[in-house]
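Peer 1: Okay, here's the structure, questions in a sec.
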Amino acid sequence: MDMDVDMQEMSGREREYANYLPDELLLQVLDCLPRSEESQVALAKFVLVSRQWYAVGIGRLYAHPFLVGQRYTNFVRTICPSVIPRIKRSELAGLVKSLDLSRIVHQGAKSTTARLLGRTKNNLELFVAPQASFAINCWAALSKCTALKVLDLGLVSEAISYQSLNQTLRQLGELKALYMPRCSTEFGAGPELLTTRLHWPPSLQHLTMSGSINGRFLWQMVRQPETFPSTLSSVALLHSPGLDAAGAKSLLLNLADRLTVVELRDLPAVKQGKFNNVLAWLPHLRELTVAIDYIDEDFGRRPDEWTAESHWHLAKRLESLTLVTCGLHDFDPRRAFNLVDVWDLIDTRFLGRLRKLRAAKSTGWDRANEGDEWTTVKLLLEALDKENWERRRWHYEGLTGVPAEMKYEEWLETAEGWRGRPRAVMLRNV
């Protein structure tokens, strides 16, 4: 009888506390959810369980929303319940940290984009502009997003005024990554061209330039190299029909003392072989993405006396090489850069620090007749990394916290060794 009473009391306590979990435990559950579109559905259900769960999860639900279709419409209604902010304001707007409108094409309006920027300005860190609904009325709202760290205008289809962009960038002191639009840019003309001063954000680390970056705009950038911040280390030049090899070279040389990451592709005016000397232009380069259309068999040309034994210490700093294709019309396959050239650059230790090799499937290097060559390059890349480990060269020099007698195979089994292991990957969707 007493046992039945005790069981009833325990059952009552279980019912009393069954709906409560500590906030710390709920946060750990949320940490297990990846940032994805599917997880957003789970988060939406999570915050509907109780007030406690709502308080714990609402910040994550609105921090990085995935906006498309009806979700975008509902999001706009929630963040902008009224056209006039002082009439009705949404407290949820302050929770938004990223506003990715890349999948909004014809659904949004230019005034809506400006309104969203105005409501989320306080904590917004990332903004990806939509293709059709970003225009001149958005600049004022964008300039007030002073916490912005990433600004992506790559999809904007309407020609923008560089003066508007320049004035906006002056206000974005925290911006670290800027992606210029692929469309043409109105740079202006007349006497004011000679006095126009470029204003790049002081903390800018990455800059993607596309569209009309040739002509007067390019001349201004080359004429004012001191305007680029000292923090800038990564540049991508792509989707620019008017930019030729000479223009690209002049810009890269102005930044040669700081660039460690460069991407060069989708530049129709660049001819085959014109980027053969990019490693000589940029002595600090660690990561390079380049279309094989713009290089040929002379890429990385070395002195005749160069050998792995005598010149290994002069190896380029390049650690990651990504090769894509762009469909150049006057491409000569007889001069094409191929897997044999890659093998030679590694074997002679000209690329003695290389650890990551990626090639687009469009190169055809994984075809049956070249599959053995690709496998040979992969094995050589692994042998190079093992050699550098055993001799403690380059990225393995001065490695701390590692026993001197540790073998290379044991190193690869560690978390750090697995992350930095040599890899040769064939890219399918590039």
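Peer 1: Answer yes if at least one residue in segment 280-292 is touching a helix residue (DSSP H, G or I) at 6+ places or on another chain (Cβ under 6 Å) and surrounded by fewer than 21 Cβ atoms within 10 Å (Cβ to Cβ), and no otherwise.
Peer 2: Yes.
Peer 1: Select, from GLU409, GLU405, the only residue that is more than 21 Å from the chain's Cα centre (by Cα), modelled with pLDDT of 90 or more and not aliphatic (A, V, I, L, M).
Peer 2: On inspection, the qualifying residue turns out to be GLU409.
Peer 1: Which residue out of GLY94, GLY118, GLY59 is outside the structural domain of SER161 (by TED's automatic domain parsing) and either among the small types (Gly, Ala, Ser) or closer than 17 Å to ASP152 by Cβ (or both)?
Peer 2: Result of the check over GLY94, GLY118, GLY59: GLY59.
Peer 1: A further question follows. Could we say that ARG423 is more than 16 Å from ALA308 (Cα to Cα) and surrounded by 13 or more Cβ atoms within 10 Å (Cβ to Cβ) here?
Peer 2: Yes.
Peer 1: Cβ contacts < 8 Å: first residue modelled with pLDDT of 85 or more, restricted to segment 22-49; second residue small (Gly, Ala, Ser), any location; separation 6+ or different chain. Result?
Peer 2: Between residues of segment 22-49 that are modelled with pLDDT of 85 or more and residues that are small (Gly, Ala, Ser), the close pairs are LEU26/GLY57; LEU30/GLY57; LEU43/GLY57; PHE46/GLY57; VAL47/GLY57.
Peer 1: A follow-up question, please. Output the number of the condition that ILE295 fails; it satisfies all remaining conditions of (1) in contact with a His (Cβ under 8 Å, 6 or more places away or on another chain); (2) buried (at least 18 other Cβ atoms within 10 Å of the Cβ).
Peer 2: (1)
Peer 1: Would you pick out the residues in segment 330-347 that are touching a residue at least 40 places away in the same chain (Cβ under 8 Å) and assigned to a helix (DSSP H, G or I)?
Peer 2: ARG335, ASP341, LEU345
Peer 1: When segment 394-428 is examined, which residues are found to be in contact (Cβ under 8 Å) with a residue 24 or more places away in the chain and not in a strand (DSSP E or B)?
Peer 2: If the condition is that a residue be in contact (Cβ under 8 Å) with a residue 24 or more places away in the chain and not in a strand (DSSP E or B), then TRP394, HIS395, GLY420, ARG421, PRO422, ARG428 are the ones that fit.
Peer 1: Let me ask you something else. Could you please find all residues in segment 175-202 being under 27 Å from THR260 (Cβ atoms), surrounded by 15 or more Cβ atoms within 10 Å (Cβ to Cβ) and either under 23 Å from the mean Cα position of the chain (by Cα) or modelled with pLDDT of 85 or more (or both)?
Peer 2: LEU175, LYS176, ALA177, LEU178, TYR179, MET180, PRO181, ARG182, THR185, HIS199, TRP200, PRO201
Peer 1: Let me ask another. Is at least one residue of segment 373-382 surrounded by 13 or more Cβ atoms within 10 Å (Cβ to Cβ), acidic (Asp, Glu) and in contact with a Gly (Cβ under 8 Å, 6 or more places away or on another chain)?
Peer 2: No; the residues of segment 373-382 include none that is surrounded by 13 or more Cβ atoms within 10 Å (Cβ to Cβ), acidic (Asp, Glu) and in contact with a Gly (Cβ under 8 Å, 6 or more places away or on another chain).
Peer 1: One residue is enough: does segment 102-110 have a residue meeting the conditions at pLDDT 95 or above and not β-branched (Val, Ile, Thr)?
Peer 2: No, because not a single residue in segment 102-110 is at pLDDT 95 or above and not β-branched (Val, Ile, Thr).
Peer 1: Sort through LEU155, LEU151 and tell me the only one that's over 22 Å from PRO81 (Cα atoms), within 18 Å of the chain's Cα centre (by Cα) and modelled with pLDDT under 95.
Peer 2: LEU155
Peer 1: Test PHE127 against the stated conditions and say whether it is over 24 Å from the mean Cα position of the chain (by Cα) and either among the charged types (D, E, K, R) or under 21 Å from SER39 (Cα atoms) (or both).
Peer 2: For PHE127, the condition - over 24 Å from the mean Cα position of the chain (by Cα) and either among the charged types (D, E, K, R) or under 21 Å from SER39 (Cα atoms) (or both) - is not met.
Peer 1: Counting just the residues of segment 158-174 that are among the hydrophobic types (A, V, I, L, M, F, W, C) and crowded, with 18+ Cβ neighbours inside 10 Å, which one comes out farthest from the chain's Cα centre (by Cα)?
Peer 2: Step by step, filter segment 158-174, then rank; the result is ILE160.
The values are calculated or read from the model by the stated rules, or taken from the named source; none is laboratory data. Keep in mind the model is a prediction, meaning the values are calculated, not measured. Cβ atoms come from the backbone with ideal geometry, glycine included; neighbour counts cover every protein chain shown.
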